[in-house]
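K.L.:
To start, I am sharing the structure in question, which I have written as structure tokens.
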Amino acid sequence: MINRRDLFVGGGAAAVAYMAGSFMPLIAQNAPNFGAPSVPQVGFRKQKLGDMEIIALNDGIARRGLAAEFVRNAPLAEVQAVLKAQNLPTEYIDVPFTAFMIVAGSRRILIDTGFADNGGPTTGRLVANLNAAGFKVDDIDTVILSHYHGDHINGVRNKAGQLVFPKAKLMVPSVEHAFWMDDARMAAAPEAMRGAFQGVRRIFNGLPADQLIQFEPGKEVLPGITSVAAFGHTPGHSLFRVESKGEKFAYLADLTNIPELFARNPDWAVQFDMNPDAARETRRKIFEMVVNEKMLAGGFHFPFPAFGRVEKLGNGYDFKPVA
Ligand SMILES: [Zn+2]
């Protein structure tokens, strides 16, 4: 199911710029300056879930000019019309980055990491927001990764190479790890994609073996936290169901990029979906699960506070953030 085509359809310079942790290279040299996005003043939000607490931790927001290639299978005018109908700007989009922490008994678990100091000027705020929420980096005992795109993994290490959460074990989807750590695949990848493979090695090379735990997507990773295979966006992209006392939360990672576009139009393919057909099928299947089970949902690129409910709307879905 993974072949060279996956690399090409999801590859290109855009993928590299994305992995490298900055959106800037995506914007042409002579692109207009759209200004800086406003980052949330209070960048954390706590929600009770049974005996657990889930905390959204914003890492920042990146603003990028909206180009035709952002949605691969819809005309730009149609994309802009969808934004306009929601009173959103049509020249650029703001893409937020929000990771989630789970407080379960004595456990302190972080899912995805943001950029640390490897990204643009309006990113890298996760640790400050963690502190504001009352926790320290040393409190995190486990970091779970959904997939290996730069905005999710770069925050494992700072630019100097030090582990940002030194006491944490890393739990990673086996399928994703196997794909990116395959040296032969890196060698065969188009030049433009090689940086993404190197970025993954920056994180994992030199990591003590006992600090890395691979899980099989679909299996329970920790008590009350079950992974869900959601392949398509990347080859091993995995989501997480969290359950406590009958209350359910779904961390949707990159099931969609901004839901204002891709929940409303689940068949649209964002340029970062490596296998758009698989991603589309996964998107509909998972949204159905979230709606049917009335789960609280959170997504990495959802508008802050990034928590909310998903409802059916037309031929797609609507994400309604909590108040
Ligand atoms: Zn992402």
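Where a number appears in this text, it was derived from the coordinates with a stated rule and is not lab data. Values in this document were obtained by computation on a predicted structure and should not be read as measured data. Every residue, glycine as well, gets a Cβ built from its backbone with ideal geometry; the counts of neighbours run over all protein chains shown.
K.L.:
Taking the criterion of being within 15 Å of the ligand (Cβ to nearest atom), farther than 16 Å from residue 298 by Cα, buried (at least 21 other Cβ atoms within 10 Å of the Cβ) and of a type outside the set (D, E, K, R), would at least one residue in the stretch 236-244 satisfy it?
P.N.:
yes
K.L.:
In addition: Provide a single number: the residues in the stretch 47-94 that are of a type outside the set (Asp, Glu) and part of a strand (DSSP E or B).
P.N.:
So in the stretch 47-94, the residues of a type outside the set (Asp, Glu) come out as 47-50, 52, 54-58, 60-68, 70-77, 79-90, 92-93.
Add one more test, that the residue is part of a strand (DSSP E or B), and what stays is 47-49, 52, 54-58, 60-65, 71, 92-93.
Residues in the stretch 47-94 being of a type outside the set (Asp, Glu) and part of a strand (DSSP E or B): 18 in total.
K.L.:
Taking the stretch 196-235 as the region of interest, how many residues are within 15 Å of the ligand (Cβ to nearest atom) and free of Cβ contacts under 8 Å to residues at least 12 places away in the same chain?
P.N.:
Number of matching residues: 0.
K.L.:
Answer yes or no: is there a residue in the stretch 307-316 that is surrounded by 24 or more Cβ atoms within 10 Å (Cβ to Cβ) and of a type in the set (A, V, I, L, M).
P.N.:
Looking for residues that are surrounded by 24 or more Cβ atoms within 10 Å (Cβ to Cβ) and of a type in the set (A, V, I, L, M), one finds at least one in the stretch 307-316, hence yes.
K.L.:
Could you run through the stretch 263-281 and say how many residues are within 15 Å of the chain's Cα centre (by Cα) and either of a type in the set (Val, Ile, Thr) or farther than 16 Å from residue 231 by Cα (or both)? Give the derivation first.
P.N.:
Just the residues of the stretch 263-281 that are within 15 Å of the chain's Cα centre (by Cα), to begin with: 263, 270-274, 279.
Filter once more, keeping what is either of a type in the set (Val, Ile, Thr) or farther than 16 Å from residue 231 by Cα (or both): 263, 270.
Here the count works out to 2.
K.L.:
While we're here: Could you tell me how many of the residues in the stretch 91-109 are among the β-branched types (Val, Ile, Thr) and either within 19 Å of residue 308 (Cβ to Cβ) or within 14 Å of the ligand (Cβ to nearest atom) (or both)?
P.N.:
We begin by selecting, within the stretch 91-109, every residue among the β-branched types (Val, Ile, Thr); these are 93, 95, 98, 102-103, 109.
Pick out the ones that are also either within 19 Å of residue 308 (Cβ to Cβ) or within 14 Å of the ligand (Cβ to nearest atom) (or both) and you get 93, 95, 98, 102.
Number satisfying all stated conditions: 4.
K.L.:
Every residue in the stretch 283-297 that is more than 11 Å from residue 239 (Cβ to Cβ) and β-branched (Val, Ile, Thr), please.
P.N.:
Of everything in the stretch 283-297, just one residue is more than 11 Å from residue 239 (Cβ to Cβ) and β-branched (Val, Ile, Thr), namely 291.
K.L.:
Does residue 227 meet the test of being within 18 Å of residue 152 (Cα to Cα) and not aromatic (Phe, Trp, Tyr)? Talk me through it step by step, then tell me what you get.
P.N.:
On the way: within 18 Å of residue 152 (Cα to Cα): yes; not aromatic (Phe, Trp, Tyr): yes.
Yes.
K.L.:
Pick from 126, 163: which is within 16 Å of the ligand (Cβ to nearest atom) and within 26 Å of residue 106 (Cβ to Cβ)? Give the derivation first.
P.N.:
On the way: 163 fails: within 16 Å of the ligand (Cβ to nearest atom).
Going through 126, 163 in turn, the sole match is 126.
K.L.:
Of the numbered conditions (1) within 16 Å of the ligand (Cβ to nearest atom); (2) assigned to a helix (DSSP H, G or I), residue 147 satisfies every one except a single condition; which is it?
P.N.:
(2) is the only condition that residue 147 fails.
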